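**Student:** Submitted below is the structure of interest, expressed as structure tokens.
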Amino acid sequence: MRKHPSARATVSMKARHTLYTDVCQRRHIEACGLLLGHIDGLGNWHIDRAHPLRNICNSPVYFEFAPEDILAVELDHPGAIIGAYHSHPGGLKVASSTDRDNMKRVNKEQQIPWIWFIFSGPFNGTFQRDYEQDTNSSLIAYHHYDTIGLQQITLEFENAQDDGVRKP
Ligand SMILES: [Zn+2]
């Protein structure tokens, strides 16, 4: 499990809406939060909801969660946290070296199977069109595998019709 190099992630309409709204509303700092859903037996991530959290650094170039904020989400949704997201207002389209270190630490050393979403700015009209037209040029997803290291994960967006049917 979770060693499958062709694993992908599906994202519900509801989660996408939350993500794009949050990133736009906090466009001048790194927006960040958690991804909720489940991981199937093949190691694919199924993201039902996104949960914005405070960036305690309030910074355009760095983010950090408050541990108590993560704990509160875990208590509300036991076992449902399957990833994290953050934004790069400065436009960096790939993981920074800090991001790579974090992903490796959590995925490999701590053996927590999170997926990582990074949204790249600027968060203007192009970003909005990206959302409306179901493209994902502003969004990249990663996972650091034990065996093959950091990999980009393919994303699939669910249709509006699917939303509300799926349960976590
Ligand atoms: Zn980053």
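Read the figures in this text as sums done on the coordinates, not as results from a lab. Given the structure is predicted, the values throughout are model-derived calculations rather than measurements. Cβ: placed from backbone, ideal geometry, glycine included. Neighbour counts: every protein chain shown.
**Student:** Let's see if you can work this out: charge +1 on each Lys and Arg Cβ, -1 on each Asp and Glu Cβ, no other charges. What is the dipole magnitude of the range 33-168 about its Cα centre, in debye to the nearest 20? Working shown, then result.
**Tutor:** Details: 10 positive and 18 negative charges, 70 e Å.
The dipole magnitude comes to about 340 debye.
**Student:** Can you compute the helix-only [θ] at 222 nm over the chain? Use -39500 (n - 2.57) per DSSP H run of at least 4 residues, normalise by all residues, nearest 500 deg cm²/dmol. All intermediate terms of the calculation are to be shown ahead of the outcome.
**Tutor:** On the way: 4 runs with 39 residues, N = 168.
Roughly -7000 deg cm²/dmol at 222 nm, from the helical runs in the chain.
**Student:** Sticking with this structure for a sec: What shape does the range 65-168 take by its C-alpha gyration tensor, where a ≥ b ≥ c are the square roots of the eigenvalues and a/c under 1.5 counts as rounded, a/b above b/c as prolate, and the rest as oblate? Spell out each step's value before the answer.
**Tutor:** Working: a/c = 1.59, a/b = 1.15, b/c = 1.38.
It comes out oblate by the Cα gyration axes.
**Student:** Shape call for the range 1-120 from the C-alpha gyration tensor, a ≥ b ≥ c root eigenvalues: rounded (a/c under 1.5), prolate (a/b greater than b/c) or oblate? Mind dumping the intermediate values first?
**Tutor:** Details: a/c = 1.44, a/b = 1.31, b/c = 1.10.
In terms of gyration-tensor shape, rounded.
**Student:** Here is a further query. Would you work out which of I47, S96, I118 lies farthest towards the positive end of the dipole of the chain? Charges go on Cβ: Lys and Arg +1, Asp and Glu -1.
**Tutor:** S96
**Student:** Quick one: net charge around R54, please, counting Lys, Arg +1 and Asp, Glu -1 for every other residue with C-beta under 14 Å from its C-beta. Can you show the working numbers first?
**Tutor:** Details: positive: R26; negative: D22, E30, E64, E68, D69.
With Lys, Arg at +1 and Asp, Glu at -1, the net is -4.
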